[in-house]
Amino acid sequence: MFDYHLHSKVSFDSSCAPADIVMAAEKAGLKEICFTDHYDFNDVYKDKRDLFTIEQYRTAYDSIVSPKVKIRRGVEFGLTTWNQKELNDLLRLYDFDFVIGSVHFAGGYDPYYEAFWTHNGIDTAFEKYLLQSLECVKSQNNFDVLGHLNYVCKSEHSPTRKPLYYKDYADICDEIMKTLAQNGKGMEINTSGVDRVGDFLPSIDFIKRFRELGGEVITVGSDAHDASRVGQHIAGALEIAKDIFGYVCTFEKRKAVFHKL
Ligand SMILES: [Zn+2]
Ligand SMILES: [Zn+2]
């Protein structure tokens, strides 16, 4: 089992020690994990950034080892349409194994917070988020997989608390996934939606379509911000990867490694 989306206290929104994450991974019987801490940009207030320093990152991870779990070092970079240089600068400072590109802002707000919903409207919020994601994947190329494609639906402030279905936004979603496939980028099956909206982020209908559109790279991750969620629902995500791809990917020094399932 693999968990390729994990946060420790290197991220602004976690207080969990890296060693506790590793211990939880050992306990859960995981074979390989990747830390993917937030390096995030506000799309409107460009001075508002949730970043770590490379010193913090090195202190947390450079000496961390486990006899049971292979540990990789990655980042979850907050994609906007204007921060290509910031991403390239970061990647020059550290030899990351894996880069998740995630869209955390649309129309100036993060869907995680209530203000996003009051400013974007309930009916148009999903579409606005997807259109922003499309612009981001078209203007950025230095990441490995797109994080939680339908992140917008997992917010506890989403008035409907419903998953985002591929069929409702098929045209935009096809454009996003086609762009990823053409650029050799992957998608992740993020399990943090299972307890929130009853489905993976994104759900199986997206993953099937991604494969049809030529997508080849697929990873799985819990998006845990504390030890209790490490490896959670990963078995279910691997079942989807197995059914549709027959394999799942891990990364070493930005190169995909394919594991037959
Ligand atoms: Zn995220
Ligand atoms: Zn995350």
Hits in region 217-237 (condition: within 16 Å of ligand 2 (Cβ to nearest atom) and over 22 Å from V75 (Cβ atoms)): S228, H233
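Looking only at region 150-165, how many residues end up being within 19 Å of V220 (Cα to Cα) and either polar (S, T, N, Q) or modelled with pLDDT of 95 or more (or both)?
As a first pass, look at region 150-165 and keep what is within 19 Å of V220 (Cα to Cα): 150-154, 163-164.
Next, from what is left, pick out any that are either polar (S, T, N, Q) or modelled with pLDDT of 95 or more (or both): 150.
Selection size over region 150-165: 1.
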Can you tell me which of (1) within 16 Å of ligand 2 (Cβ to nearest atom); (2) in contact with a strand residue (DSSP E or B) (Cβ under 9 Å, 6 or more places away or on another chain) is the one S155 doesn't meet? (2)
Can you run down the residue pairs with Cβ atoms below 6 Å, 6 or more apart or on separate chains, where the first is in region 152-178 and touching a residue at least 40 places away in the same chain (Cβ under 8 Å) and the partner is among the β-branched types (V, I, T) and surrounded by 13 or more Cβ atoms within 10 Å (Cβ to Cβ)? C153/V197; K154/V197; P163/V197; I176/V137
Considering region 29-68, residues that are within 21 Å of the chain's Cα centre (by Cα) and hydroxyl-bearing (S, T, Y), and then whichever is surrounded by the most Cβ atoms within 10 Å (Cβ to Cβ), we arrive at T36
In region 1-28, which residues are closer than 24 Å to K255 by Cα, away from ligand 2 (no atom under 14 Å from the Cβ) and either of a type in the set (S, T, N, Q) or assigned to a loop (DSSP other than H, G, I, E, B) (or both)? M1
Considering only region 33-52, state which residues are touching a Lys or Arg at 6+ places or on another chain (Cβ under 7 Å) and under 15 Å from Y94 (Cβ atoms). C34, F35
Log entry, pairs with first residue in region 211-234 being farther than 14 Å from M187 by Cα and within 16 Å of ligand 1 (Cβ to nearest atom), second being assigned to a loop (DSSP other than H, G, I, E, B) and among the hydroxyl-bearing types (S, T, Y), beta carbons closer than 6 Å, six or more apart or on different chains, reads H225/S14; R229/S222; Q232/S222
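Condition check ((1) of a type in the set (K, R); (2) within 15 Å of ligand 2 (Cβ to nearest atom); (3) closer than 21 Å to K154 by Cα; (4) modelled with pLDDT of 95 or more) across all residues:
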residue: I189; (1), (2), (3), (4): no, yes, yes, yes
residue: R211; (1), (2), (3), (4): yes, no, no, yes
residue: G215; (1), (2), (3), (4): no, no, no, yes
residue: D243; (1), (2), (3), (4): no, no, no, yes
residue: Y247; (1), (2), (3), (4): no, no, no, yes
residue: F251; (1), (2), (3), (4): no, no, no, yes
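The values are calculated or read from the model by the stated rules, or taken from the named source; none is laboratory data. These numbers were taken from a predicted model, which means no experiment stands behind them. Cβ atoms come from the backbone with ideal geometry, glycine included; neighbour counts cover every protein chain shown.
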